[in-house]
Amino acid sequence: MADDPQKQKDNFITPRAPYHGEFTPERMVFNANLQEFAGKVSLICNLETGGKITSEDAYSRIKQLWKALKASKKVLLDETDSQGKSV
């Protein structure tokens, strides 16, 4: 049966691609975070291009998202590395 309209809208606005790398739970979560980062950056760029937000605001928002992604990588991937597990 077809998805409900809200789910279709969500899938259109923020599509998700399946994970194809070497599977670990940490890598899969980081991949989801990376996809979310990419989607949000795209939306911010479109808002700036359309004149809805300033360039400075767009830069600030993307910088915050980047810091969050970087922290996510550190927690999910770098700490796994330092514990002797393969990444």
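Taken together, the values in this text are just the output of simple stated rules run on the coordinates, not laboratory data. From a predicted model like this one, the values you see are computed outputs, not experimental measurements. Note that each Cβ is placed from the backbone with ideal geometry, even for glycine, and that neighbours are counted across all protein chains shown.
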Legend entry - Difference of contour (0.36 nm per residue) and Cα-Cα distance, E79 to Q8: 21.9 nm
Inset, instruction - Only Lys, Arg, Asp and Glu count, each charged at its Cβ (+1, +1, -1, -1), so figure out the dipole size of the chain about its Cα centre, rounded to 20 debye. - result: 140
Inset, instruction - Set Lys and Arg Cβ to +1 and Asp and Glu Cβ to -1, take the dipole of the chain about its Cα centre, and tell me which of A17, T54, I44 lies farthest positive. - result: T54
Legend entry - Extension gain, L34 back to Q64 (0.36 nm per residue minus Cα-Cα distance, nm): 9.4 nm
Inset, instruction - First check a/c for the chain, with a ≥ b ≥ c the square roots of the eigenvalues of its C-alpha gyration tensor; if it is under 1.5, answer rounded, and if not, answer prolate when a/b is larger than b/c or oblate otherwise. - result: oblate
Inset, instruction - Read phi for every residue in the range 29-43 and hand back ³J(HN,Hα) as whole Hz from Karplus 6.51 cos²θ - 1.76 cosθ + 1.60, θ = phi - 60°, with x for Gly and Pro. - result: 5, 4, 4, 5, 5, 5, 5, 5, 4, 4, x, 5, 4, 4, 4
